[in-house]
Amino acid sequence: MNRNPHVAVAGATGAVGIEMIKTLEQRNFPVGKLTLLASARSVSRKLKYRGQDLPVQELKKDSFQGIDIAQFSAGGSISKEFAPAAAQAGCVVVDNSSAFRMDPTVPLVVPEINAGDVKKHQGIIANPNCTTAITLMALYPLHSAFFCRRIFASSYQAVSGTGAKAIAELERQVNQIVKGQPVTREVYPHQIAFNVLPHVDAFLPTGYTKEEMKMENEGRKIMHHPTFKASVTCVRVPVYRAHSVAVSAEFERPVTVEAALEVLRRAPGLDVIDNPA
Ligand SMILES: NC(=O)c1ccc[n+]([C@@H]2O[C@H](COP(=O)([O-])OP(=O)(O)OC[C@H]3O[C@@H](n4cnc5c(N)ncnc54)[C@H](OP(=O)(O)O)[C@@H]3O)[C@@H](O)[C@H]2O)c1
């Protein structure tokens, strides 16, 4: 691959796309050229990258000629429609949506856990569900040391996970409540300001939501652990950004708090903060 790749961000104007652009910059990723793609609604917009104003272009099937890496974050249906065309054009797609995560021909990767799986890609690499990714970052090192049988978990998921419009909805509702005005709803079926919604994604016949099942399904694939079990309750909380998860895990081998902390302190990508005072 080109050492200074031409990178595209599809969904560049969204909550995730904006963070991707910032991350490329903060990590000093050796971007040769950056192409920003979104819907036709955004073609007049410009976004900042390394002090420059880059124009947003409309995402089309022929947008990927000459592009080396495309990061997709425009939703599952857009990924299904455009990612195969991008891969066909010779581009490596890193897809943030749920479109290809459980496809057996697509590696589902958390670099700190299963970076080696990337080598098996056929043009598309999937990135896990947000709550799953952060949970596995802490769980996998413990699993490697003690063998995790199952977990029970509750999430506290920020509105950013629903996208830019949900961040705006929380801000608007907080202002409305503070000013004593009626609360308007566009994104969530119920008020999210000063409230919690125990409903993330659609419910399945089992009573779990699709979001809740991602932890078990995606966790099995990423950790190469086909018998891993996860019973999860996902809750949306009125926080702008960053999800939290409380996990209770059961292991095959005996674990002490000290031994678990030692494993977590050595794990890549984690900061252990254990200081109640
Ligand atoms: N893996 C993770 O950690 C994680 C976390 C959060 C979200 N996600 C996933 O990332 C995706 C985006 O989430 P988000 O929070 O960034 O959503 P968002 O804020 O609503 O942004 C959606 C983006 O998609 C673009 N888009 C929408 N329709 C399009 C179309 N027809 N053609 C081209 N572009 C189109 C939008 O462009 P316009 O501005 O022009 O409409 C915008 O750039 C979703 O699939 C979500 O599930 C993944």
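The values are calculated or read from the model by the stated rules, or taken from the named source; none is laboratory data. This one's a predicted model, so the numbers in the text were calculated from it and none came from an experiment. Here the Cβ positions follow ideal geometry from the backbone for every residue, glycine too, while neighbour counts run over all protein chains shown. Please note that ligands, DNA and RNA were not included when accessible areas were found on the heavy atoms of the full protein model with its side chains. Shrake-Rupley method; radii C 1.70, N 1.55, O 1.52, S 1.80 Å.
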Q. Hey, does the range 209-224 have a residue that's of a type in the set (Ser, Thr, Tyr) and open to solvent by 30 Å² or more (accessible area, probe 1.4 Å)?
A. no
**Q.** Every residue from the range 2-48 that is of a type outside the set (Val, Ile, Thr), in contact (Cβ under 8 Å) with a residue 40 or more places away in the chain and not in a helix (DSSP H, G or I)
**A.** Asn2, Pro5, His6, Ala8, Ala10, Gly11, Ala12, Gly14
Q: Could you please give the count of residues in the range 22-62 that are near the ligand (Cβ under 7 Å from one of its atoms), surrounded by 14 or more Cβ atoms within 10 Å (Cβ to Cβ) and not hydrophobic (A, V, I, L, M, F, W, C)?
A: 2
Q | Filter result for Ala168 (open to solvent by 40 Å² or more (accessible area, probe 1.4 Å), modelled with pLDDT of 95 or more, small (Gly, Ala, Ser) and at negative phi) | A | yes
**Q.** the range 75-93, residues that are open to solvent by less than 40 Å² (accessible area, probe 1.4 Å) and small (Gly, Ala, Ser)
**A.** Gly75, Gly76, Ser79, Ala83, Ala85, Ala86, Ala87, Ala89
Q. Mind checking which residues of the range 74-85 are within 14 Å of the ligand (Cβ to nearest atom), out of contact with any Lys or Arg (no Cβ under 7 Å at 6 or more places or on another chain) and not small (Gly, Ala, Ser)?
A. Ile78, Lys80, Glu81
Q | the range 95-137, residues that are more than 13 Å from the chain's Cα centre (by Cα), surrounded by 22 or more Cβ atoms within 10 Å (Cβ to Cβ) and in contact (Cβ under 8 Å) with a residue 24 or more places away in the chain | A | Phe100, Ile113, Ile124
(Q) Pull out all pairs, ordered by first then second residue, where Cβ-Cβ is under 6 Å, the residues are six or more apart or on different chains, the first lies in the range 138-150 and is open to solvent by less than 40 Å² (accessible area, probe 1.4 Å), and the second is not hydrophobic (A, V, I, L, M, F, W, C). (A) Phe146/Arg253
Q. With respect to the numbered conditions (1) assigned to a loop (DSSP other than H, G, I, E, B); (2) over 23 Å from Thr132 (Cα atoms); (3) modelled with pLDDT of 95 or more, which one is the sole condition not fulfilled by Asp271?
A. (2)
Q: Tell me, yes or no, whether the range 177-186 has at least one residue that is open to solvent by less than 90 Å² (accessible area, probe 1.4 Å), modelled with pLDDT of 95 or more and not in a loop (DSSP other than H, G, I, E, B).
A: yes
Q: Would you check which residues across the range 149-164 are within 16 Å of the ligand (Cβ to nearest atom) and polar (S, T, N, Q) and list them?
A: Ser155, Gln157, Ser160, Thr162
Q. Can you pull out the residues in the range 116-137 that are over 15 Å from Arg220 (Cα atoms) and more than 13 Å from the ligand (Cβ to nearest atom)?
A. Gly116, Val118, Lys119, Lys120, His121, Gln122, Gly123, Ile124
Q | Exclusive hit being in contact (Cβ under 8 Å) with a residue 60 or more places away in the chain, more than 8 Å from the ligand (Cβ to nearest atom) and polar (S, T, N, Q), set Gln88, Gln65, Gln71 | A | Gln71
Q. Got at least one residue in the range 7-21 being open to solvent by 70 Å² or more (accessible area, probe 1.4 Å) and away from the ligand (no atom under 13 Å from the Cβ)?
A. no
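Please state which one of Gly51, Gly123, Gly75 is touching a strand residue (DSSP E or B) at 6+ places or on another chain (Cβ under 8 Å) and at positive phi. Walk me through it before giving the result.
Details: Gly51 fails: touching a strand residue (DSSP E or B) at 6+ places or on another chain (Cβ under 8 Å); Gly75 fails: touching a strand residue (DSSP E or B) at 6+ places or on another chain (Cβ under 8 Å).
The unique qualifying residue is Gly123.
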